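For reference, the structure discussed in these notes is given below.
The values are calculated or read from the model by the stated rules, or taken from the named source; none is laboratory data. If you're wondering where the values come from, they're calculated on a predicted model, not measured in any experiment. As a convention, Cβ positions derive from the backbone with ideal geometry for all residues, glycine included, and neighbour counts pool all protein chains shown.
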Amino acid sequence: MLVVSCPCALSLATPSALAAATNRLLQQGVLVIQPHVLETLHRATYIVFDKTGTLTEGRPVVQKVTVFGAYAEAQVLQIAAALEAGSAHPIAHAFTSFACGDLQVTNPICIHGQGIEGRIDGKAFRIGHTQFVAALAGEVPAHVSAADFTEIYLGTEREWVARIALADAIKPEAKSTIAWFKARGLRVVLLSGDASDIAQSVGSALEVDEAYGDMLPHHKMAFMQELQKQGATVVMVGDGINDAAVLRAADVSFAMGSGAALAQSHADAVLLSAGLVSLRNAAMTADTCMRVIRQNLAWATLYNLAAIPAAALGVLSPWMAGVGMSGSSALVVLNALRLQRPRRT
């Protein structure tokens, strides 16, 4: 009875499946950091996406510059490039080609989710969201937003300098990934720091359930906490520094491998590639892993229910009990190793 009732199969049922699934995901480009990722992903009810760098390519390009003051367009782009030079935000890459070595920024300050302030030739400049720039430049100028563009502003002391329109292409696999999660029963939400009309435009193109713009980091956190208060299990997918706090707060979170290091350090898993196919692979693997765990636990339970009474009645000899115990453990491990097989996306 001591030999046959050794709980090896029961103790191996869950960790063997999790180890096999985690190893498989690593081969598919998903680095699982926290042990709860697969279980929580399997029972998720909401999935929340950041926009820039997550659902879009994260390589915005300058589409149009509207100058308000006496600066020339070339000067505007050079000043913007100088201010954005030290930023890790994807928007900063749009200005790299306009950089001019003659402009030096002193005392640069980056306010996550709002913009950057710095001094050029002793004069303070700000680039970023409307209200952030307005705190330095004064009353917001009248304008009409273009729904297809992300707009940022450049301003200096009591003067609006320019409005810069940027465009960022949607990732080819974004729409099919969102459709797959919706078909699986999850509610899909888009949260973006861009203007509401931009977020609504992208959300409409991707057919998400809800899309919200003008979301600063604390707004995203409040939204996440409200969903959790309602009993939702939330998956968060993001890539930026301003997503770090909400990635940590989510029930399970994924950071893009091409994103900021701070976001990756706060996430439960990292998508090593820039695409979203690996996120879908993770969800499918989570479902299969939970199914294998249930199979393993059912087998181990049935084995003990049958073998222990047989041993107590003397039907099983010690050597038969040893073989049965070893065979049961081997069967559990072999069943878990099925998770190593490649999956089709």
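Any idea which of A85, A70, A94 is crowded, with 22+ Cβ neighbours inside 10 Å and closer than 28 Å to G138 by Cα?
Result: A94 is the single residue among A85, A70, A94 that is crowded, with 22+ Cβ neighbours inside 10 Å and closer than 28 Å to G138 by Cα.
At pLDDT below 90 and farther than 23 Å from D197 by Cα: which single residue out of G113, G101 fits that description?
Of G113, G101, the one residue that is at pLDDT below 90 and farther than 23 Å from D197 by Cα is G101.
Suppose we keep only residues that are assigned to a helix (DSSP H, G or I) and either crowded, with 20+ Cβ neighbours inside 10 Å or among the acidic types (D, E) (or both) within the range 208-226. Which one would you say is farthest from the chain's Cα centre (by Cα)?
My answer is E226.
With the structure loaded, tell me whether E117 is under 27 Å from the mean Cα position of the chain (by Cα), more than 23 Å from V246 (Cβ to Cβ) and charged (D, E, K, R) or whether it fails that test.
For E117, the condition - under 27 Å from the mean Cα position of the chain (by Cα), more than 23 Å from V246 (Cβ to Cβ) and charged (D, E, K, R) - is not met.
Which of the numbered conditions does L302 fail, given that it passes all the others? Conditions: (1) in contact (Cβ under 8 Å) with a residue 40 or more places away in the chain; (2) over 17 Å from K51 (Cβ atoms); (3) surrounded by fewer than 24 Cβ atoms within 10 Å (Cβ to Cβ); (4) among the aliphatic types (A, V, I, L, M).
(1)
Which of the residues spanning the range 23-61 are among the β-branched types (V, I, T) and surrounded by fewer than 20 Cβ atoms within 10 Å (Cβ to Cβ)?
Within the range 23-61, I33, T40, T45, V61 meet the criteria.
Sort out which residues of the range 23-41 are of a type outside the set (D, E) and closer than 22 Å to A300 by Cα, and write them in order of number.
Selection gives L38 alone.
Looking at (1) under 12 Å from F49 (Cα atoms); (2) modelled with pLDDT under 90, find the lone condition where A174 falls short.
Exception for A174: condition (2).
Within the range 40-55, which residues are part of a helix (DSSP H, G or I) and under 25 Å from N242 (Cα atoms)?
Filtering the range 40-55 for residues part of a helix (DSSP H, G or I) gives 40-42.
Listed by number, the residues that qualify are T40, L41.
Name every residue in the range 253-271 that is of a type in the set (A, V, I, L, M, F, W, C) and in contact with a strand residue (DSSP E or B) (Cβ under 6 Å, 6 or more places away or on another chain), in order of residue number.
Passing the criteria: F254, A255, M256, A263, A267, A269, V270, L271.
Spot the failing condition for V234; the list is (1) without any contact (Cβ under 8 Å) to a residue 60 or more places away in the chain; (2) touching a helix residue (DSSP H, G or I) at 6+ places or on another chain (Cβ under 8 Å), and only one is missed.
For V234, the failing item is (1).
Restricted to the range 56-93, and to residues that are part of a helix (DSSP H, G or I) and of a type in the set (G, A, S), which residue is nearest to V237 (Cα to Cα)?
My answer is A92.
So for the range 31-39 (the condition being assigned to a loop (DSSP other than H, G, I, E, B) and at positive phi), does at least one residue qualify?
No, the range 31-39 contains no residue that is assigned to a loop (DSSP other than H, G, I, E, B) and at positive phi.
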